[in-house]
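Student: The structure under discussion is supplied below as structure tokens; questions concerning it will follow.
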Amino acid sequence: MSSLEHVNEQSRLPDRAPASRGQVLRATARELLTLRKDPLPPMSRPRWLARLPHVFVVYAAAFFGFLTAEQLGDHYHVSGAGTWPPAALTGVSITLAMFRPIAAWWLGLFAAGLGAWEMYDHVGHGQTWPWTPGGIFGFAVVILLLALRVPPRVTVAVVSVSLACTGLAEALFRPDRSASTVTGAVLLYGFVGLLGYALRALRLARGELVEQETLTEEERARRTLLEERSRIARELHDVVAHHMSVISIQAQVAPHLAVEPSEELLENLAGIRANALEALTELRRVLGVLRSEQPDDPAAPQHPQPTLAELDGLVDNVRGAGLAVTVEVAGIRRPLTPGVELTAYRIVQEALSNCLRHAPGSRVEVGIAYGPRDLHLCVANTAPTRPVTPSQGAGHGLLGMRERAGMLGGELAAGPVPGGGYEVSAVLPMDPPVLSGSTSTEPKKDR
């Protein structure tokens, strides 16, 4: 049984034991009068055996139906069509027990009573009544199927009512010279009730085991993911932080090694040091997220995310690297949601980085337009005026920008423009949906 079936099974059980005996009796009576659907759960594996119990039940229904008809006709000499209603109801009750066990039990009792009435005037010396030799075993199948799915107290009530009906029928209406079926009913129905309870308990225990194994697998996968993220964080720190620290120190020491350094050199070295320190800060923030299992873990404090308000500083850094950048803002500038602010900043940042790598000496125009419902971004550059150094990147920059825009329900397009330039444009909704699927456009050309 799957863990979902186990949860459904548990949901049918009482949350807690009733407080008094009267409440127990009333709850049990309600269960006996509830004809709800309760399908027989299939075997979980192997898959081709999943419906094998249903096949056996249908076979048992046909077998005991024909057996009842044969015994009523041959042993008890019930003539005419009187043999078929009890036989048909017996087979239907067994089949119905796969889907509605309580209703099947009531129908089985009715079939037994109808059969006892049909053969009452035909019982000979030593013949059983009110059960036929086969009918008592057919009804045992119904009780077994019922006990597999109902709480133990309901199974006890079903067996008790069945035995009480058998005992009362014999005490009040038993034909002369007939054989008693009370002892056989007690032994048989008590045994199948215990067997059904044991099988049900085993099935529930297996369901709990599957659920625990699932939780264990999820916990193991979560722990493996956290270990992998920690390993990546360590490798990033070892590889990147060391070099960035060296760059920062060299930029700080370089003015002292030069004889009368110019103001332009000092300004460039100060910019290199500031960019290196900013990169280290950003790296530590990312590593903190990688090492933390929960985003709001107090052990990994979160630094403020960059927004469009810091775009001027980003543009100044790019200008200091030798790129001519102009910025135009249209519409009424206003604060946006943190996700839109961060995504817009990262898209512009990545586009400007691509301009530095792939279009040295070009002129770059950054356009930001605040619409009624959307934020429009455009970063366009002219053709490079200096030779382009081959890039060692894997071309994931545009993919990352598209994923960021797609997560917000926005769109991003990128491609060459006439004259040898390149343009990146994006449209981000002001009110993004919660983690919508990616709806970004297909790339025209990866860069």
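The values are calculated or read from the model by the stated rules, or taken from the named source; none is laboratory data. Keep in mind that what you see is a predicted model, and the values were worked out from it rather than measured. Backbone-built Cβ (ideal geometry, glycine too); neighbour counts: all protein chains shown. These accessible areas exclude ligands, DNA and RNA; they are computed on the full protein's heavy atoms, side chains included. Shrake-Rupley method; radii C 1.70, N 1.55, O 1.52, S 1.80 Å.
Student: So how many residues does segment 151-168 have that are of a type in the set (A, V, I, L, M) and in a loop (DSSP other than H, G, I, E, B)? Please lay out each step first, then the result.
Tutor: Quick first cut of segment 151-168, residues of a type in the set (A, V, I, L, M) only: 154, 156-159, 161, 163-164, 168.
Subsequent filtering for residues that are in a loop (DSSP other than H, G, I, E, B) retains none.
Number of matching residues: 0.
Student: So which helices (runs of 4 or more DSSP H) are wholly in segment 46-136 and hold at least 3 residues that are over 25 Å from Ala164 (Cα atoms)? Lay out the reasoning, then the answer.
Tutor: Working: elements: 52-74, 84-96, 101-118.
So the answer is 52-74.
Student: Give me the residue from segment 179-228 that is part of a helix (DSSP H, G or I) and among the hydroxyl-bearing types (Ser, Thr, Tyr) and, out of that set, nearest to Val161 (Cα to Cα). Working first, answer last.
Tutor: So the first thing to find is which residues in segment 179-228 are part of a helix (DSSP H, G or I), and the list is 182-228.
Now narrow it down to the ones that are among the hydroxyl-bearing types (Ser, Thr, Tyr): 183, 189, 197, 214, 216, 224.
Values: Thr183: 15, Tyr189: 11, Tyr197: 17, Thr214: 41, Thr216: 44, Thr224: 55 Å.
Only one residue tops the list, namely Tyr189.
Student: A further question follows. Would you point out the residue of segment 314-348, among those that are more than 20 Å from Met430 (Cβ to Cβ) and open to solvent by less than 50 Å² (accessible area, probe 1.4 Å), that is modelled with the lowest pLDDT? Full working, then the answer.
Tutor: Step one: of segment 314-348, the residues more than 20 Å from Met430 (Cβ to Cβ) are 314-327.
Subset that is open to solvent by less than 50 Å² (accessible area, probe 1.4 Å): 314-315, 318, 322-323, 325.
Details: Leu314: 87, Val315: 89, Val318: 84, Gly322: 77, Leu323: 84, Val325: 92.
Checked segment 314-348; the qualifying residue modelled with the lowest pLDDT is Gly322.
Student: Farther than 24 Å from Asn275 by Cβ, hydroxyl-bearing (Ser, Thr, Tyr) and touching a residue at least 24 places away in the same chain (Cβ under 8 Å), is that true of Thr343?
Tutor: Values: farther than 24 Å from Asn275 by Cβ: no; hydroxyl-bearing (Ser, Thr, Tyr): yes; touching a residue at least 24 places away in the same chain (Cβ under 8 Å): yes.
When the stated conditions are applied, Thr343 does not pass them.
Student: Give me the residue from segment 423-446 that is under 16 Å from Glu350 (Cβ atoms) and open to solvent by 60 Å² or more (accessible area, probe 1.4 Å) and, out of that set, modelled with the lowest pLDDT. Full working, then the answer.
Tutor: To start, the set of residues in segment 423-446 that are under 16 Å from Glu350 (Cβ atoms) comprises 423-426, 428, 440, 443, 445-446.
Okay, now just the ones that are also open to solvent by 60 Å² or more (accessible area, probe 1.4 Å), so 423, 445-446.
Numbers: Glu423: 95, Lys445: 39, Asp446: 42.
Going through the qualifying residues, I end up with Lys445.
Student: Of the conditions (1) of a type in the set (S, T, N, Q); (2) open to solvent by less than 60 Å² (accessible area, probe 1.4 Å); (3) free of Cβ contacts under 8 Å to residues at least 24 places away in the same chain, Thr166 clears all except one; give me its number.
Tutor: Exception for Thr166: condition (3).
Student: Continuing with this model, one more query. Considering only residues that are open to solvent by 10 Å² or more (accessible area, probe 1.4 Å) and in a loop (DSSP other than H, G, I, E, B), which ones fall in segment 137-150?
Tutor: Selection gives Leu148 alone.
Student: Here is a check on your reading of the model: is Ala241 over 37 Å from the mean Cα position of the chain (by Cα), open to solvent by less than 70 Å² (accessible area, probe 1.4 Å) and modelled with pLDDT under 75? Walk me through how you get there before you give the answer.
Tutor: Details: over 37 Å from the mean Cα position of the chain (by Cα): yes; open to solvent by less than 70 Å² (accessible area, probe 1.4 Å): yes; modelled with pLDDT under 75: yes.
Yes.
Student: For segment 254-266, name all the residues that are surrounded by 11 or more Cβ atoms within 10 Å (Cβ to Cβ) and either of a type outside the set (A, V, I, L, M) or assigned to a helix (DSSP H, G or I) (or both).
Tutor: Residues of segment 254-266 that are surrounded by 11 or more Cβ atoms within 10 Å (Cβ to Cβ), as a first pass: 254-255, 258, 261, 265-266.
Selection gives Ala254, Pro255, Pro261, Leu265, Leu266.
Student: Ala171: open to solvent by less than 60 Å² (accessible area, probe 1.4 Å) and either assigned to a helix (DSSP H, G or I) or out of contact with any Leu (no Cβ under 9 Å at 6 or more places or on another chain) (or both), yes or no? Steps first, answer last, please.
Tutor: Values: open to solvent by less than 60 Å² (accessible area, probe 1.4 Å): no; either assigned to a helix (DSSP H, G or I) or out of contact with any Leu (no Cβ under 9 Å at 6 or more places or on another chain) (or both): yes.
No.
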